[in-house]
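Shown next, in structure tokens, is the structure this report addresses.
The values are calculated or read from the model by the stated rules, or taken from the named source; none is laboratory data. Treat the numbers as computed from the prediction; the structure is a model and nothing was measured. We place every Cβ from the backbone using ideal geometry, glycine too, and count neighbours over all the protein chains shown.
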Amino acid sequence: MDRKNLVEADLIFDIDADHLEVEKEEIFVCTRCGVKESSGDRCDDCGGELRKITWITPTMLKKASEETYKLVEILSNDFGIPYNELEIYFSGHRGYHVRVTTEWVRKMTQPERKEIVDYLICRGIDVERHGIKFRGDIFQDPGGGWGRRIFNGLKRIIEIGEYRNFDFLSDNDKKRIEINKERILMEIGEKGFSLLRKCLDRGKFMKIIEKSIEVSRVHLDPVVTQDMHRLFRLPGSVHGKIGLIKVRVKDVDELRSFDPFEWALLPFREEGKFRVYYSPRFNAGGDTYGPYQNEVVSLPICVGTILVFKGLAEVERK
């Protein structure tokens with residue numbers, strides 16, 4: 001046993017919607033009377049115990065797929081890994097796994113994997129090293145890589161008016177940006193953000209850069225990639241928290257339209273009876289189900305299993 005040692009390990013990335021800034025639908029449901037509550041430990045009607053359940057929404061899954069797409073693009077563009085050496089999987093629950101099949105990466109050490117993670121999540125990033133430098137009042141156009149991503153992030157913040165929500169900007173700061181918005185956007189590519197730089201002091205401008213970094217970086221689970229002993233769910237296995245299958249996404253183009261509630265369902269389409277405590281309205285397998293509350297309903301087994309695994313229903317045995 002003492003001669004055993006780790007020879008190599010897959011390089012895998014984990015994107016989980018639970019770690020992303022996206023609104024979650026939390027359900028408090030009484031398993032005794034099925035009454036949906038906003039919060040609390042006990043049901044107001046019968047005193048039964050309330051279960052707190054996070055429902056997987058299309059918004060959460062879309063956000064997870066967007067982060068995964070971002071990850072794949074950076075691995076390809078910045079690390080030179082071909083798309084055909086990146087395997088994308090729906091994890092079976094709230095996100096995606098990306099496995100790099102390039103042979104040499106399997107030999108990477110833990111510190112080397114940490115460096116890749118640091119790059120992807122922008123941990124300790126020095127913006128000046130990525131071409132974002134100030135020369136007097138001129139903000140220089142950075143080129144490619146993270147400099148370009150941060151640059152584009154700033155452009156997006158101005159275009160969609162996200163700066164209006166920044167507490168660190170005063171009303172006068174926001175007014176100056178609003179007045180000069182069109183000119184600021186027109187200047188991009190010629191003088192960078194020189195006019196925007198003139199609208200704000202350096203400290204506030206750097207805070208906007210930090211906001212751009214936050215939206216541009218990859219929001220992955222760093223521990224998963226760095227842990228060389230981590231075991232991953234096998235493709236084709238069922239996730240015990242929701243009853244969906246871990247399945248392969250064909251390519252990065254399919255990722256954009258991939259619907260887990262269509263392609264990751266169990267292969268059991270025959271119907272069964274389920275006692276549902278509560279269920280929101282949702283789509284699965286091309287059909288719409290719910291809302292249900294404390295009732296027995298006939299559902300395809302692949303759909304009813306989702307509610308059972310989420311703790312919202314049980315199999316009706318009568």
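Residues of the stretch 19-55 being β-branched (Val, Ile, Thr) and more than 16 Å from residue 313 (Cα to Cα), which ones? Hit for the stretch 19-55 is 22, nothing else. Of 53, 15, all but one fail to be of a type outside the set (Asp, Glu), assigned to a strand (DSSP E or B) and under 24 Å from residue 152 (Cα atoms); the exception is 15.
Every residue, every condition in (1) of a type outside the set (Gly, Ala, Ser); (2) crowded, with 16+ Cβ neighbours inside 10 Å; (3) without any contact (Cβ under 8 Å) to a residue 60 or more places away in the chain, yes or no:
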site	(1), (2), (3)
158	yes, yes, yes
174	yes, yes, yes
215	yes, yes, no
224	yes, yes, no
228	yes, no, no
245	yes, yes, no
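From the list 12, 53, which residue is surrounded by 15 or more Cβ atoms within 10 Å (Cβ to Cβ) and closer than 21 Å to residue 275 by Cβ?
53
Filtered by the rule that a residue be closer than 25 Å to residue 93 by Cβ and surrounded by 15 or more Cβ atoms within 10 Å (Cβ to Cβ), the stretch 25-50 gives 27, 28, 29, 30, 31, 34, 36, 37, 50.
Go over the candidates 20, 61 one by one and state the one that is surrounded by 13 or more Cβ atoms within 10 Å (Cβ to Cβ), out of contact with any strand residue (DSSP E or B) (no Cβ under 6 Å at 6 or more places or on another chain), in the same structural domain as residue 102 (by TED's automatic domain parsing) and modelled with pLDDT of 95 or more.
Only one candidate passes the filter, namely 61.
Note on the stretch 298-318: residues that are crowded, with 19+ Cβ neighbours inside 10 Å and farther than 20 Å from residue 92 by Cα total 1. Scanning the stretch 25-44 for residues that are in contact with a strand residue (DSSP E or B) (Cβ under 7 Å, 6 or more places away or on another chain) and either without any contact (Cβ under 8 Å) to a residue 60 or more places away in the chain or among the small types (Gly, Ala, Ser) (or both) yields 26, 28, 34, 37, 38, 39, 40, 41, 42, 43, 44. Number of residues in the stretch 230-281 that are part of a loop (DSSP other than H, G, I, E, B) and closer than 20 Å to residue 87 by Cβ equals 16.
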